[in-house]
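Below: one structure, written as structure tokens.
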Amino acid sequence: MFPVSVAAYVVALVLVIAVVERVTAPGALPAALSAHGVVPRRAVAPVAAAVTVAEAVLAVLLLAGMVTGPSPLVFAGVAALFAGYGGYAWHVTASGRGGPCGCGGAEVPMGHWVTGRAFALAALAAIGAAAHDIVAPLTRFDARLVVVLLAAATIGTLLWHLPAATRHPEVAR
């Protein structure tokens, strides 16, 4: 129960952080998509908007599920979203296109750590989908849930900041 619940809440936390970052830095994703040169220029704004809406809808559904009972379909959708991010980040990194990750607040260059973080989050969401029935709901607030939430907050925060923390200052200049 504990590892699955922690995985589920890590995914929920990071997804909420991603949505907040999109709202507070709305130009970060379109600028990153333009810099990568993968998405055609005229499609940058619609793609960025679609990604933002998908993240927001999945975050709301996931948080609602933490109260009413998590849905394996929502977790699968989140897993697909993060796997898509991982595949895109891998393509951008492998092709040498570079540019910012478009993650929001801190400008982190696209790289292996961004790719790894996305795939790690996809795996955690897949665990949530596979074992959704044993995720501790927010309605059963007790000491175990407090431990799960503290662990998820710690791991989620570390995972969110991983690419920025591993960046070499010399490369950033």
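Would you work out what percent of the accessible area of the chain, with all protein chains in place, is carbon or sulfur (probe 1.4 Å)?
On the way: 6250 of 8600 Å².
Using a 1.4 Å probe with all protein chains present, the chain comes out at 73 percent carbon and sulfur.
If you line up the long axis of helix 2-24 against the longest principal axis of the chain, both from Cα atoms, how many degrees apart are they, to the nearest 10?
Value to nearest ten degrees: 40.
Taking a cut-off of 22 Å, what percent of all Cα-Cα pairs in segment 36-173 are separated by more than that?
The share of Cα pairs beyond 22 Å in segment 36-173 comes to 45 percent.
Apply 1/(1 + (r/R0)^6) to the Cβ-Cβ distance of L63 and H91, taking R0 = 41 Å, and write down the FRET efficiency to the nearest 0.05. Spell out each step's value before the answer.
Details: r = 30 Å, r/R0 = 0.74.
Efficiency computed from Cβ-Cβ geometry: 0.85.
Quick one: length gained pulling T154 to F141 fully straight, 0.36 nm per residue minus the C-alpha distance?
Numbers: separation 13, 0.36 × 13 = 4.68 nm, distance 1.87 nm.
Taking 0.36 nm per residue and subtracting the Cα distance, the gain is 2.8 nm.
Roughly how many whole Å is it from the C-alpha centroid of segment 69-84 to that of segment 121-147?
Taking the Cα centre of each part, segment 69-84 and segment 121-147 sit 13 Å apart.
Mind giving me the FRET efficiency for R42 and L162? R0 is 30 Å, r the Cβ-Cβ distance, nearest 0.05 is fine. Please report the intermediate quantities before stating the final value.
On the way: r = 33 Å, r/R0 = 1.11.
The formula returns an efficiency of 0.35 here.
What is the ratio of the Cα radius of gyration of segment 1-61 to 2.2 N^0.38 Å, where N is its residue count, to two decimals?
Against the empirical 2.2 N^0.38 Å value, I get 1.34 for segment 1-61.
Looking at segment 40-87, I'd like the Rg to Rh ratio, where Rg is from alpha-carbon atoms and Rh is Kirkwood's inverse mean 1/r.
Result for segment 40-87 is an Rg/Rh of 1.08.
Let me have the relative contact order for the chain, percent, based on Cα pairs under 8 Å that are six or more residues apart.
Numbers: 222 pairs, mean separation 62.3, N = 173.
Relative CO of the chain lands at 36 percent.
Skip the ligands, DNA and RNA, and give the accessible area per residue of segment 1-94 with a 1.4 Å probe, whole Å². Walk me through the numbers before you get to the answer.
Working: 4170 Å² over 94 residues.
Counting only protein heavy atoms, the per-residue value for segment 1-94 is 44 Å².
Let me have the 222 nm mean residue ellipticity of the chain computed from DSSP H runs of 4+ only, each contributing -39500 (n - 2.57), with the sum over all residues rounded to the nearest 500.
Details: 7 runs with 126 residues, N = 173.
Using -39500 (n - 2.57) per qualifying helix, the result is -24500 deg cm²/dmol.
Excluding L29 itself, calculate the net charge of residues whose Cβ lies under 11 Å from the Cβ of L29, where each Lys or Arg counts +1 and each Asp or Glu counts -1.
-1
The values are calculated or read from the model by the stated rules, or taken from the named source; none is laboratory data. All of these numbers come straight from a predicted model, not from anything done at the bench. A quick note on method: Cβ atoms are made from the backbone with ideal geometry, for glycine too, and the neighbour counts reach across all protein chains shown. With ligands, DNA and RNA removed, areas are computed over all heavy atoms of the protein, side chains included. Shrake-Rupley method; radii C 1.70, N 1.55, O 1.52, S 1.80 Å.
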